[in-house]
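Structure, as structure tokens:
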Amino acid sequence: MLVLGIETSCDETAVSLVENGKKILSNVVSSSLHLHKKYGGVVPEIATRYHVELISYVLAEAQGEAGVKLADIDLIAAVYGPGLVGALLIGISLAKVLSLSLGIPLAGINHLQAHLYAAFMQKRYPHFPFVGLVVSGGHTNLFYVKDYLIWEMLGVARDDAAGEAFDKVAKILELGYPGGPVIERMARKGDPDKINFPRAYLEQDSLDFSFSGLKTAVLYYVRDQKKPVTSNQKPDIAAAFQEAVVDTLVEKVIKACILKKVKSFVAGGGVVANQRLRKVLAKRLNEQGINVYFPEFKLCQDNAAMVAGLGYQLYLRGAISNLNLEVAPNLKI
Ligand code: KG4
Ligand code: ZN
């Protein structure tokens, strides 16, 4: 079964063709990141205009790369939330037009669930039930996933998402945007134990996250230096900050896995590209006898292959949408 996936929830315009939920025939991603850099974050209006301008070219490229005609496609899968309302509307409108004109079904996809499905698109894949962590620029969510259709939200970011904290700390250290990759590179040269930034574990039984206090602690640390921080100090600050994020995420994940008595853990989203996070998660969870699954690097960031893949699984289980599908910018599960 050939599925066309469409992803336009934020700043990536992405179209992909995937066979039977796993075999990626094409995975085209065009990002408007370069247009947002000078603003230090994604500007919704700019992201939306970019989708309008690019979507038909991205679709044509995905078709060309896969060597398929529109008439060969069996199902359209598109992200309907969460995300930027205008941006989501572009992808969903294209999905409806294709579904109607080709006379094929349409599956509306939750972007967060698709991030976790990315880990299924490889030889070694997770088994249900599992605990899933989605960590991106806009989200930090812990889920308990019983099967493709049964999701329970265990915890959520109460303020800044983990990726957002990386982006804001990079701004404080004047390292540019997006912050994750550059903080990670800088942290490799630093000593994480030189500075002790706070870890917000919240109430004892809470699986929620809070990273804004950590970000503020970095801000105050930098402000309280007598002189502007030097390039020699930045690696230690980056390393100490990254370690605090990793510690917090890992503690909550372990707590959730024990609570739900699962043997599998799955991670997804842009922050999962972080090597230190992967290393500590794998080590700490393996010690608890829990198997750990990460998507391959190119499927960590926003893409439409994970969308097409999950669409196939939902279709097999009868969970499809129709032309009344509406965008859901604040979609939870
Ligand atoms: O999933 P994604 O591509 O887009 C959203 O849905 O938000 O995630 C982007 C986020 C950004 O905040 C970026 O700074 C972060 O992922 N990120 C990283 C790394 N690479 C990207 N954070 C930490 N370490 C990285 N290596
Ligand atoms: Zn995402």
Those residues of segment 254-282 which are open to solvent by less than 10 Å² (accessible area, probe 1.4 Å), within 16 Å of ligand 1 (Cβ to nearest atom) and among the β-branched types (V, I, T) amount to V266, V272
Of everything in segment 195-219 that's charged (D, E, K, R) and farther than 17 Å from H139 by Cα, which residue is surrounded by the most Cβ atoms within 10 Å (Cβ to Cβ)? R199
Conditions first: (1) of a type outside the set (S, T, Y); (2) surrounded by 20 or more Cβ atoms within 10 Å (Cβ to Cβ); (3) touching a strand residue (DSSP E or B) at 6+ places or on another chain (Cβ under 7 Å). M153 passes all but one, so which condition is the exception? (2)
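Does K146 satisfy the condition of being away from ligand 2 (no atom under 16 Å from the Cβ), open to solvent by 50 Å² or more (accessible area, probe 1.4 Å), of a type outside the set (G, A, S) and outside any strand (DSSP E or B)?
On the way: away from ligand 2 (no atom under 16 Å from the Cβ): yes; open to solvent by 50 Å² or more (accessible area, probe 1.4 Å): yes; of a type outside the set (G, A, S): yes; outside any strand (DSSP E or B): no.
So K146 does not fit the description; no.
Return yes or no: is I333 within 16 Å of ligand 2 (Cβ to nearest atom) and open to solvent by 20 Å² or more (accessible area, probe 1.4 Å)? Can you show your working first?
Numbers: within 16 Å of ligand 2 (Cβ to nearest atom): yes; open to solvent by 20 Å² or more (accessible area, probe 1.4 Å): yes.
Yes: the conditions hold for I333.
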Restricted to segment 155-174 and to residues being in a loop (DSSP other than H, G, I, E, B) and either touching a Phe, Trp or Tyr at 6+ places or on another chain (Cβ under 6 Å) or without any contact (Cβ under 8 Å) to a residue 60 or more places away in the chain (or both), the residue nearest to ligand 1 (Cβ to nearest atom) is A161
Here the qualifying pairs (Cβ atoms under 8 Å; residues six or more apart or on different chains; first in segment 110-138 and farther than 19 Å from E19 by Cβ; second away from ligand 1 (no atom under 16 Å from the Cβ) and among the acidic types (D, E)) come out as F128/D147; P129/D147
So, in segment 81-117, of the ones that are touching a Cys at 6+ places or on another chain (Cβ under 7 Å) and crowded, with 24+ Cβ neighbours inside 10 Å, which residue ends up farthest from V15 (Cα to Cα)? G83
Restricting attention to segment 177-186, does a residue exist that is open to solvent by less than 50 Å² (accessible area, probe 1.4 Å), more than 19 Å from V222 (Cα to Cα) and hydroxyl-bearing (S, T, Y)? no
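The values are calculated or read from the model by the stated rules, or taken from the named source; none is laboratory data. None of these values were measured; they are calculated from a predicted model. Because the Cβ atoms are built from the backbone with ideal geometry, glycine has one as well, and the counts that use them run over all protein chains shown. The accessibility values were calculated without ligands, DNA or RNA, using every heavy atom of the protein model including side chains. Shrake-Rupley method; radii C 1.70, N 1.55, O 1.52, S 1.80 Å.
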